[in-house]
Each structure stands twice: as C-alpha cells, then as structure tokens.
Amino acid sequence: MTTEKQQETVELLLNMGPQHPATHGVFRMVLWIDGERVVDVEPHIGYLHRGSEKLCEGESYAQIVTLFDRLDYIANFNNELVVCRAAEKLMGVEVPERAQYIRVILCELNRIASHLLFYGTYGLDAGAMTPVLYAFRERERIQNLFEAVSGARMMHNFFRIGGVNEDVPPDFGQRVRRIMGELRRGMEECDRLLSFNEIFLSRTRGIGAIDAETAIDYGLTGPNLRACGVPYDVRKDDPYEVYDRLEFDVPVAEHGDCWDRYWLRVQEMYQSLHIVEQCLEQMPEGPVMAQLRRIARPPKGEVFVHCENPRGDLGVYLVSDGGPKPYRVKVRPPSFCSLMPLKHLMRGCYVADCVVILGSIDIVLGEVDR
Amino acid sequence: MIGREVALAAAGLVALFVGLSVVVLSLVWLERKFLGRLQGRIGPMRVGPFGLLQPVADAVKLILKEDVVPAWADKGLFWIAPILMFVPSFMVWVTIPFSRDLVIRNLDMGLFYFIAVSVVSVVGLVMAGWSSASKYAILGGLRSAAQLVSYEIPVIMAVLGVVMLAGSMNLLTVVDKQASVPYILVQPLGLAVFLIAGVAEVGRTPFDIYPAESEIVGGPFVEYSGAHWAIFFLAEYINTFVVALLVTLLFLGGWQWPHLPGVWAPVVVLVKTYLVVMVIFWFRATFPRLRIDQLMAFGWQVLIPLSFVNIVLTGIQLYYRWPSWSLSLMSLGIILAMAYWQYRTQTAPAQALARSYSQRAYSQRRGA
C-alpha cells in the first residue's frame, strides 16, 4: 500500500513580548506568520495593570495627581493637567492666569519631550541607532528644566487642583528661551538625519495605512488620527486653559501610513515650540494658586474632561459623591484606543513591519493597562 | 627542511591569531569610540586610558560567563555552528597580503580561494539558527541563508571586474597593477557594488537583517552566550575587517602610496583599511535597516544587474582598448543615474508630500 504523504506547511506562531525590545514596555503580540508574512496577530495587554482607576477611589483628590503621573509616564504634565482640570471643573474653580500659562508651557514642553522619545525609539524600531541618542540629548534639556521647576525629572506631581504647586524659578523665562533655541537646532538635526532617509522612507511609506473612516471607527485620536487627514485637535476644537489665545497650526497628513504619523509628530514639535514662545510673551505676573480649602471636596456630581495629550485625546470621567475622595474615576486612554486597529494594520505585513507599525502608533503601556 | 616549513607555518598561524585578536579588539574600541563621537557622546572612558581596555574587559567578561545551552537545542550543531562561522573567516587570511612579502601563502588563485572559503560561513549561521530551537533564531537563520547567498553573487561579480582589469587572481598582481592608478578611479561602480554587497555579506547596518535586534532580537545568535557568542562576535568583526581589507587591496591600491619606501607597506594597508572600516561604521550610525523583501529586491534587481553591467563595460573597454578613463566616466555616470533615480522615486515625492501637508495645516489656520 502506498500512502501519499501530503507536505503541509503550517503557520509559525511567534510570540513577541512581553519582553521584547520592540514592544515598548510589556506588551505582547502573538503573531501567526507564514514565512515572513504576518497572517494574524493577537495582542495581549494587562502586564502593567496596577488598578489605577480603582486606586483613585481610595485617595484624596490631591493624591490622585500622583497616580495620573504614572499613567502615561512619558507625558506626566499632560496627565496631571487633565485630572486637575476635571476636579476644578466640578468645583467651579477659576485657575489664576499665570498658573494656566505655566501649565501650558510645561505641557507643550512635555509634548516635545514625548515626541522626541517617539522619534528616538522609532528610529530604533526601524533599525537606526543614532536617532535615539540625538533625541535623548535634546530631551535631556527639557528634563533638566522640569527638574528645576518641579524638583523631579519624571512623576512631577506639580500641578494642583486650582493651580500649580509653586511659582516657577525666577530665571524660568530665560532658561526656556535658551533651551528653545537649542531644541530647534537639535530637532532640525534630527529631522535631517531620519525624515527623508531613503531606507527610512521605504520602510515606512505606505506601511500600516489606515483611512480616516476606519480610524474614527476605532476611536483613534491625536497624531494617529490627524495622520489620516482628520484635523481633530482638542486644543483647537474644545480649547482649554489658554489655548484659544494662542496661534498655532494643527499639522495634518493624508495617507495615515507610518511615515505620515512620524512626520506629523515631528511637525508638532515645531508647533509646540511656537506655542511656548507665545506663552512666554503673554504670561502675566500674579498668583499661581486659587484660594481653596485645604482638602478639596467637590460637590456631588459628575464631569468629563479631555485634553490633548501627546498621544491623543486623554479623557477623564470623574464622579463625586461630595466626599474628599472621588466616587469613580474612568480614564479614556488614547494609547489603548490606538492599539485597537492593530489587527487591521498588521495583517498581511512583514514581521519587520510589525515593529515599525507598533512603533508608529506610539503607545505607552502605563496608559494602556492603567 | 619539512620541519622548518611546518614550524614557519605554525609560527605564522600563531602570529595571525594574535594579530587578529588585536585587530578585533581595536575594531571594537574604534567602533564604540567612533560611533560615540558621531552620536554626540564620547564612548567608553572608564577602563584604561580613553577606554582602550574596554574591549579587553568585555572579552574577559564573555569568556568567564556561563555558557548556557538551551534544553531543546541540538547540542552538537549548537557547538559546531560558531566554529563553522569562525574558521572560514580565519582561513581567508592565509592568502591576504599586507605587503609584497608579508603574506602567509600567496596563491595564484587567491581571490578565488577567498570567495570559496568565505561562502562557508553561511552554513554556520543557518546551523546556529536551526539548532537553537528558538523561533527567532530560525527566522534569523533562514534570513541569513537568503541574504548571504544572494549577496555572494554581486561580490563575486565585482571581484571579477577587478580580475579582468588586472588579468590575474593573484592578490599581489592585482595590487601591483594599481601602482599608477588605483582601481577606484577606473571602476568606481565595481567598488560601490563590492562595498555594498560586502557590508551585506557581513550583516552590518543597513543590511543587519538576520541579527535584526528590534525584530528578531539577535537572530541566530539569540540563544548563544559566553564564549560561544564571543566566537560569533569575533568572526563578525574579522569578516568586517576582511571586507575593508579587500576593498583596500582591490580598489584602493593596497600598499601603494607615492614616495613612500616599501617598509611602510603594512602601515599603508592598515591605514587604508581602517578608513574603510570607519566608513562601514559610519553606515551603521546613519542608516535604518532594510526589510527582508527590500533587501532581496535590492540584491537581485539592482546590485546583480549593476555588477553585470560593470563587467560588460570593463569587457568593452578592454576589448576595444579604450582609455581607462572612459570606463571611469561610464561607471560614474551609472552611479549618478542610480542616485538620481533613487532621489526621484523616493526622496523627492516624500518631500513634495511634506510640503503639501505643511501648506494644508497653514491654510487651515488661515481659514479658521
């Protein structure tokens, strides 16, 4: 009896993460690959789950700020801002103007720092070694400034409900102006190194494209959405703090591929510098903290506040029962939503593209898992 | 008589081994320092003056480290693979000259020997990938097989161009023929093909597809540690050095330098080689990594045709006895045409796109 043996090829199941240099933290992707092609991908999250939302219910409002520092640990100030604004809105507090300007300056600088980190790690994802060192050199200037202002390089805990912890140091304006010149030069250098590099272009253009409609369906926000051509920016569409007094562009791309997302973030850095410049000119003297009771007790009610984070639209839904601690805090994390179209983006691409796509949507696992 | 020969050969081999170790240590130090300077930092500074002893410390660390073998690994193959990679990179040195006299064994078919031996190392890589019993390693091993086999062809073709010019496969003759004009001026296209394919052969950026750190975390080497990993490392750096040395010998005129007595020959070769090595390091600091399909497409659709064109042009020039500058002009023309084509198809459209995006953002602000 002759048996015909059927040669059958099966898909290789490749486990990428949670410890993998390209997953930016503890993210795990299970890839089914056929040769070098990705057939399917299954994302697994939750390795960094700390129960932040639940923890918020056991802390006083002032203490929650520290928990929000640890959500998106690349953009601490932006996270602090959103929770402070939520409590302020509930309490109807008017934040002093100087504090608002300080907040905006710090947030925009933090956006630059965050995008610089993206630039560097994206270079690494694409296999280039130098961008990350250039980016960190520039980011270091911002971190030093943050340290001078808040005493900490990360996890600042500097914003307060009703203002900021203390006034900025007397030479703040001078320092910011100095580093802005350096930053602009450094960013231009970064731009020249990577943006139009032929290999980088061929690695990123046309890869991981998503159209505007699908992006909206998946709930993408921030640079990932704007890369598809939707000019949605909370700073423009639902202005908070002093953004309505500032003049800046919202960079918009068209194809929604990896290169567009990358290019958009680089352009946003220039816009942020522009914003900081204006803030420094407009910033008035005055108090930096509203007159409040020592322990904040927002009235009974609920509120939703969102701000434009470097990664997108960060929302906080806050319910208060009138006590010193919130009844419920729900975070709408942009990184989590950015992860949603992962299957859509990765099916049919190459293994190497997976890394580039995951890098281009710029997630922070602290925010995805909370 | 025979005893003397054997003793000489043995002494040569020992000298070669010591020399190679020094070369590798110097390369590691140079790479770290040079990359550091390119990247706005200063590189190693702590161990020894200017961090000169850093590679030594690294080597000691690697040798003393526990050599872990994965439980499911094919133990035999796993042990042999590094050796299979290291031996060819060691063997090619037998015929590589540093001056007219400083060569272990000058072969008439030296270049042929070099190519034949250096191809073997791909077996070691595939073996390492397969025997590690790791999916990342298997991917890396298969990638290395595809990459090394396809980039071997342009290397051979580029070498053939030089052989046609020199009329010999003997490295001494090749260098001697460049006494007046180095072949870089005659065959810039051949140099470009050889350097690019050579960098791909040794798997360095932008062709580090099979060790791709950010994708398959080291490829075939992912399961290796300690001394075995060190052997891979050694082989990689020796191969890099060999590629640079061959560029020196084949295209940069070897030890030829005007108005310099013959004693300086090895120094001239080394200086030229280290300069070429620094160019390869410079690639590493500049370029991202290609994707595997782009790598294959580039190899088969660009490099191999170009290497054939190089050979045909060289043949025409030799047959019709045109002056040699005609070949340089044709080669340069092709290189420029390729660069322009690359610019037109890749860079220019992206720049136009970026400009249109900027204008859109600006007009949106005006409109609002």
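The values are calculated or read from the model by the stated rules, or taken from the named source; none is laboratory data. Please read all numbers here as calculations on a predicted model, not as lab measurements. As a convention, Cβ positions derive from the backbone with ideal geometry for all residues, glycine included, and neighbour counts pool all protein chains shown.
Which one of these is assigned to a loop (DSSP other than H, G, I, E, B) and not charged (D, E, K, R): B:Trp282, B:Trp264, B:Trp300, B:Trp255?
Going through B:Trp282, B:Trp264, B:Trp300, B:Trp255 in turn, just one is assigned to a loop (DSSP other than H, G, I, E, B) and not charged (D, E, K, R): B:Trp255.
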Name the residue that is nearest to the chain's Cα centre (by Cα), counting only residues in region B:32-67 that are farther than 22 Å from B:Ala230 by Cβ and assigned to a loop (DSSP other than H, G, I, E, B). B:Gln39
For residues that are on the phi > 0 side of the Ramachandran plot and within 14 Å of another protein chain (Cβ to nearest Cβ), tally how many sit in region A:320-370. 1
So how many residues does region A:83-93 have that are surrounded by fewer than 24 Cβ atoms within 10 Å (Cβ to Cβ) and of a type in the set (Val, Ile, Thr)? 1
Quick one: in region A:1-28, which of the residues that are β-branched (Val, Ile, Thr) and surrounded by 10 or more Cβ atoms within 10 Å (Cβ to Cβ) is modelled with the lowest pLDDT? A:Thr23
Are any of the residues in region A:308-327 acidic (Asp, Glu) and touching a residue at least 60 places away in the same chain (Cβ under 8 Å)? yes
Breaking point among (1) more than 14 Å from chain B (Cβ to nearest Cβ); (2) under 30 Å from A:Phe159 (Cβ atoms); (3) touching a residue at least 60 places away in the same chain (Cβ under 8 Å); (4) surrounded by 15 or more Cβ atoms within 10 Å (Cβ to Cβ), for A:Pro43: (2)
Condition check for B:Ala339: within 14 Å of another protein chain (Cβ to nearest Cβ), more than 21 Å from the chain's Cα centre (by Cα) and under 21 Å from B:Val155 (Cα atoms): yes
Of all residues in region A:195-224, how many are within 14 Å of chain B (Cβ to nearest Cβ) and within 15 Å of the chain's Cα centre (by Cα)? 1
Please report, ordered by residue number, the strands (runs of 3 or more DSSP E) entirely within region A:1-67 with at least 1 residues that are within 18 Å of A:Val351 (Cβ to Cβ) and of a type in the set (Lys, Arg). A:28-34, A:37-44
Starting from region B:259-277, take each residue that is hydroxyl-bearing (Ser, Thr, Tyr) and list its partners that are outside any helix (DSSP H, G or I), counting only C-beta distances under 9 angstrom and pairs at least six apart or across chains. B:Thr273/B:Leu252
Given the condition surrounded by fewer than 23 Cβ atoms within 10 Å (Cβ to Cβ), more than 30 Å from A:Thr23 (Cβ to Cβ) and more than 14 Å from chain B (Cβ to nearest Cβ), answer yes or no: does some residue in region A:309-319 qualify? yes
Kindly indicate whether A:Asn157 is at pLDDT below 90 and over 30 Å from A:Tyr350 (Cβ atoms). yes
Could you tell me which residue of region A:225-265 is farthest from A:Tyr122 (Cα to Cα), considering only residues that are of a type in the set (Ser, Thr, Tyr) and within 14 Å of chain B (Cβ to nearest Cβ)? A:Tyr243
Can you name the residue in region B:197-209 that is within 14 Å of chain A (Cβ to nearest Cβ) and within 8 Å of the chain's Cα centre (by Cα) and, of all such residues, is surrounded by the most Cβ atoms within 10 Å (Cβ to Cβ)? B:Ala200
With respect to B:Phe308, is the statement that it is away from every other protein chain (no Cβ under 14 Å) and either touching a residue at least 24 places away in the same chain (Cβ under 8 Å) or in a helix (DSSP H, G or I) (or both) true? yes
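Let's see how each residue does on (1) farther than 20 Å from B:Ser132 by Cβ; (2) surrounded by fewer than 18 Cβ atoms within 10 Å (Cβ to Cβ); (3) outside the structural domain of B:Phe221 (by TED's automatic domain parsing):
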position	(1), (2), (3)
B:Leu52	yes, yes, yes
B:Asp58	yes, no, yes
B:Ala73	no, no, no
B:Ile83	no, yes, no
B:Phe98	yes, no, no
B:Val103	yes, no, no
B:Phe114	yes, no, no
Inspect all residues belonging to region A:340-360 and state whether any of them is touching a strand residue (DSSP E or B) at 6+ places or on another chain (Cβ under 7 Å), within 30 Å of A:Pro169 (Cα to Cα) and buried (at least 20 other Cβ atoms within 10 Å of the Cβ). no
Suppose we filter region A:126-148 for residues that are within 9 Å of chain B (Cβ to nearest Cβ) and among the small types (Gly, Ala, Ser); how many remain? 3
May I ask you to verify whether B:Trp229 is more than 23 Å from B:Ser131 (Cα to Cα) and either away from chain A (no Cβ under 14 Å) or in contact (Cβ under 8 Å) with a residue 12 or more places away in the chain (or both)? no
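With respect to A:Phe77, is the statement that it is away from every other protein chain (no Cβ under 14 Å), buried (at least 23 other Cβ atoms within 10 Å of the Cβ) and in contact with a His (Cβ under 7 Å, 6 or more places away or on another chain) true?
Yes, satisfied.
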Any residue that is part of a helix (DSSP H, G or I), within 20 Å of the chain's Cα centre (by Cα) and within 14 Å of chain A (Cβ to nearest Cβ) - is there at least one of those in region B:238-251? no
Filtered residues of region A:266-301 (kept if under 26 Å from A:Gly162 (Cα atoms), charged (D, E, K, R) and either part of a loop (DSSP other than H, G, I, E, B) or within 14 Å of chain B (Cβ to nearest Cβ) (or both)): A:Glu285, A:Arg293, A:Arg294, A:Arg297, A:Lys300
